[in-house]
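Remarks on the structure that follows.
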Amino acid sequence: MDQDITARSWARQTIQEAGLRVTTARVATLLVLRDSSVPLTHAEVSARLAEHEMDQSTVFRNLNDMVSAKLLRRSELGDHVWRFEIVTEEEQGYVFHPHFVCVDCGVVSCMQEIELTNKSRAASSRFGQVKEILLRGYCNDCV
Ligand SMILES: [Zn+2]
Ligand SMILES: [Zn+2]
C-alpha cells in the first residue's frame, strides 16, 4: 500500500477514535506533526500546511481541539510560544518526555529516551504535579 495512504488512514482513525470529527484539515495537521521529530509552533505548522490554503485561525483551532482530545501535547518551553507534538502511545498516561532547549540558538529537541525515575517522580510530587520537564543548555552546534 502507498505510504501516504497508510499515513492518512492512520490519521483518520486516530482522530475518529479520539472522538473528533474527521476533516481534511485535521488529517493534514496531524500528519505534519507526525512527520516532525521536534515539537512545532503554530506558525511552523501553518507554514507546512501552506499548500492546503488553510487560514491561521483554522490551524490554531484544530491544534487546540486535538490537544483537548489528547492527541497532541502543547508545551511552553520558556520562550512564551506554544509548541505542539503528537502524544505517543506510550505517553497516553501522564509520562511525557523532557525537552532540551538551546539557550543560544533556541533549537528544541525531544528527549524521548529520558524519563523521571519512580523515585524522582515521588520526590517531585512534594512540590506539585510535574507538567513539563525542561533542560536548558548549549546544543552541539553552539557549544
Ligand atoms: Zn544551539
Ligand atoms: Zn517532544
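The H on the amide N of Val87, modeled in the peptide plane, is under 5 Å from the matching H of Leu72, Arg73, each at least 5 residues off or on a different chain. Springs between Cα atoms under 10 Å define the GNM used for the chain, and in it the highest mean-square fluctuation of Arg126, Arg26, Arg73 occurs at Arg126.
Expressed in Å, the radius of gyration and Dmax of the Cα atoms of the chain are 16.4, 50. Only helical runs count toward this figure. For the chain, summing -39,500 (n - 2.57) over DSSP H runs of n ≥ 4 and dividing by all residues gives -11000 deg cm²/dmol at 222 nm.
Residue separation times 0.36 nm, minus the C-alpha to C-alpha distance between Asn140 and Trp82: what's the value? Don't jump to the answer; show the numbers that get you there.
On the way: separation 58, 0.36 × 58 = 20.88 nm, distance 2.38 nm.
Gain on stretching Asn140 to Trp82: 18.5 nm.
Measuring nothing but how far apart in sequence close Cα pairs (under 8 Å, 6+ apart) lie, relative to its length, the chain scores a relative contact order of 19 percent. Across the stretch 53-69, computed HN-Hα scalar couplings (Karplus, 6.51 cos²θ - 1.76 cosθ + 1.60, θ = phi - 60°) run 6, 9, 7, 4, 6, 5, 4, 5, 5, 5, 4, 5, 4, 6, 5, 4, 7 Hz from first to last residue, x flagging Gly and Pro.
Compared with the dominant principal axis of the Cα atoms in the chain, helix 3-17 is inclined by about 80°. Along the Cα-to-Cβ line of Glu115, 7 Å from the Cα, sits a label point; which residues in the stretch 64-91 have backbone N less than 15 Å from it? Under cut-off, by backbone N: 87-91. The simple spin-label model puts a point 7 Å past each Cα toward its Cβ; for Ala69 and Ala25 those points are separated by 1.3 nm.
For the chain, the longest principal axis of the Cα atoms and the long axis of helix 24-34 meet at an angle of about 30 degrees.
Given charges of +1 on the Cβ of Lys and Arg and -1 on the Cβ of Asp and Glu, with all other atoms neutral, how large is the dipole of the stretch 39-143 about its Cα centre, in debye to the nearest 20?
Numbers: 11 positive and 16 negative charges, 121 e Å.
For the stretch 39-143, the charge dipole is close to 580 debye.
Can you tell which of Phe84, Gln16, Ser120 lies farthest toward the positive end of the dipole of the chain, using +1 and -1 charges on the Cβ of basic and acidic side chains (Lys, Arg; Asp, Glu)? So the residue we want is Ser120.
We did not get these values from a lab; they are worked out from the coordinates using the rules stated. This is a predicted model, so every value here is computed, not measured. In this analysis, Cβ positions are derived from the backbone assuming ideal geometry, glycine residues included, and neighbour counts consider all displayed protein chains.
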